[in-house]
Structures are given as C-alpha cells and as structure tokens.
Amino acid sequence: MKKILLFTQIFLFSSGLIVHAQTAIEIVMKSDDLMQGKSAISTMTMEIVRPTWKRSVTFKNWGKGRELSLTLITAPARDKDQSFLKIKNEMWSWNPSINRIIKLPPSMLSQGWMGSDYTNDDILKESSIVYDYNHKILKEEDYLGYKCYVIEFMPKADAAVVWGKIVAYITKGSYFNLKSEFYDEEGVLVKTHLSSNIKKMDDREIPTYMEIIPADNPGNKTIVTIDQIDFDVDIQDNFFSQQNMKRVR
C-alpha cells in the first residue's frame with residue numbers, strides 16, 4: 001500500500017497535477033500586478049458626488065511601477081493642463097494659472113485629490129498594501145457572484161501607514177479586487193472601495209468602475225471609470241520629471 005501511495009505522489013508531482021496552494025501575499029501581488037502592469041497609460045473620468053452637487057474631472061495618467069506617475073487634467077476647463085508628479089514618496093503639482101510647481105507638504109497629504117474622496121496620501125502610499133502589511137486569508141466567500149478570498153492586511157510593526165487594518169475581497173483565479181474596507185487604529189471603518197464592471201482592456205480583463213465611499217459622510221462618494229488603458233508601454237524614467245509636468249499633453 002505504501003509503495004502504491006508513493007508511486008501516486010511521484011506521478012502527480014511529475015505530471016503537474018498537484019497545485020501549489022497560494023499564500024495571501026501571492027494573491028495580493030497578483031491582484032496588484034493585474035491593475036498596474038510594468039507600466040501603463042490610461043484615460044479616466046472621476047465623478048465627485050455630494051448630497052447637493054456633482055463634479056466631473058477627466059485626466060490622463062502615465063505610470064511606471066508603483067513609484068513613478070504623472071497625471072494630466074484634461075477637463076473641466078478651469079483645471080485643464082494642471083499636472084501632478086509622483087516619484088517614490090514625494091508629490092508635486094503644477095498649476096499653469098499661477099505658473100508654479102508646488103511640492104505637497106505632509107499637511108496636505110490627508111486632503112482629497114482634486115476635492116475627491118481619494119486622498120493624496122492614498123496616491124503616495126499605493127505600494128504599501130503589498131509591502132507594508134502582513135497578509136492573512138480569513139476565509140473564502142461568495143461576493144457579487146464571484147468566489148473570493150477574504151484577506152486581512154495588518155500593518156507591520158515598523159511601517160509608516162495610516163490604516164490599522166484593511167480587509168479585501170479578491171476573486172479566485174482572476175484576482176479582481178472587488179472590495180476593500182479600510183479601518184483606523186481603533187478598528188472603526190473609515191471608507192470602502194468597491195470595484196465592478198469587468199471589461200477587456202488591452203491584454204487583460206479588469207474592473208473598470210470604482211467607487212470610494214467614506215463611512216462618516218452619508219451621500220458622499222467618488223466614482224472613477226477607466227475609459228482606456230494600455231499596459232506594458234515603453235516609458236523612460238526621465239519622462240517623470242518636473243520639466244515634463246509643464247509640457248506633457
């Protein structure tokens with residue numbers, strides 16, 4: 001019997017039928033890579049929703065990895081040609097109406113980008129969800145018709161992060177992050193990110209509709225729609241410069 005069992009194990013390994021059980025960090029990295037690629041050029045529309053008004057902003061973004069990003073506002077007219085540059089953990093804005101490049105100080109990091117529910121700190125600390133947290137699969141659960149891993153992110157002891165905990169719902173096999181809940185250090189829910197409307201974009205399927213919903217402001221939300229995106233585009237590092245903030249189109 002033991003010989004039969006040993007032979008069966010050898011056969012399964014050699015034929016590739018035994019599948020490696022994925023760890024939480026592997027799932028998070030695959031989900032992160034799906035939305036980023038090595039580089040990307042995208043056009044997006046952001047709608048800021050408030051109980052008594054709405055405002056729409058369109059923009060183009062060039063990104064390389066998680067540390068280089070340049071964003072150009074294309075509408076509305078009053079904000080057109082304003083640009084934002086991110087290099088690692090630093091961020092600058094260029095406003096053509098005052099002809100100045102301004103480095104964002106720490107006091108501005110908690111403010112909403114372009115008045116939205118997406119903060120400047122969210123933009124700067126995007127990579128931290130992979131590197132600054134310990135990840136644990138809590139359970140598997142059906143969500144929006146998908147079988148999902150429910151993964152808990154707990155900050156590492158030496159990590160300079162805002163969140164006390166994040167809980168994400170990532171689909172099995174396709175790695176769509178359909179829902180992320182962000183909690184403060186007291187365990188109170190601060191905001192929720194929801195993703196949906198899966199579409200083929202360039203060489204992959206991704207969620208193209210995102211909602212950011214703050215927990216303490218009923219009726220407030222920010223909706224981001226990906227209109228077009230091209231992945232793994234050749235972008236040189238020197239494209240991401242303060243000089244290019246003024247001339248990029």
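Quick rundown of the values:
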| item | result |
| --- | --- |
| Selection from segment 164-183 of residues that are under 15 Å from the mean Cα position of the chain (by Cα) and without any contact (Cβ under 8 Å) to a residue 60 or more places away in the chain | Ile166, Val167, Tyr169, Leu178, Lys179, Ser180, Glu181, Phe182 |
| Which listed residue is surrounded by 16 or more Cβ atoms within 10 Å (Cβ to Cβ), of a type in the set (Asp, Glu) and over 26 Å from Pro207 (Cα atoms), from Asp79, Asp158, Asp117, Asp132 | Asp79 |
| Positions within segment 215-249 being among the polar types (S, T, N, Q), under 25 Å from Ser56 (Cβ atoms) and modelled with pLDDT of 95 or more, in sequence order | Asn220, Thr222, Thr225, Gln228 |
| Residues being on the phi < 0 side of the Ramachandran plot and in a loop (DSSP other than H, G, I, E, B) - total across segment 190-241 | 12 |
| Cβ pairs under 6 Å, 6+ apart, first in segment 42-70 and under 24 Å from Pro218 (Cβ atoms) and of a type in the set (D, E, K, R), second crowded, with 19+ Cβ neighbours inside 10 Å and modelled with pLDDT of 95 or more | Glu47/Ile223; Arg55/Ile48 |
| For Ser69: the one exception among (1) surrounded by fewer than 16 Cβ atoms within 10 Å (Cβ to Cβ); (2) polar (S, T, N, Q); (3) modelled with pLDDT under 95 | (1) |
| Strands (runs of 3 or more DSSP E) wholly inside segment 66-160 containing at least 2 residues that are closer than 24 Å to Ala40 by Cα and aliphatic (A, V, I, L, M) | 68-75, 83-87 |
| Candidates Ser93, Ser56 - the one that is touching a Leu at 6+ places or on another chain (Cβ under 9 Å) and of a type in the set (S, T, N, Q) | Ser93 |
| Of residues in segment 225-249 being touching a residue at least 24 places away in the same chain (Cβ under 8 Å) and more than 19 Å from Gly37 (Cα to Cα), the one surrounded by the most Cβ atoms within 10 Å (Cβ to Cβ) | Met245 |
| Hits in segment 184-205 (condition: closer than 25 Å to Gly219 by Cβ, over 13 Å from the mean Cα position of the chain (by Cα) and not polar (S, T, N, Q)) | Asp184, Glu186, Gly187, Val188, Leu189, Val190, Lys191 |
| Enumeration of residues in segment 164-180 that are closer than 14 Å to Ser195 by Cα and not in a strand (DSSP E or B) | Ser174, Tyr175, Phe176 |
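The values are calculated or read from the model by the stated rules, or taken from the named source; none is laboratory data. All values reported here derive from a predicted model rather than from experimental measurement. All Cβ positions, glycine included, derive from the backbone under ideal geometry; neighbour counts span all protein chains shown.
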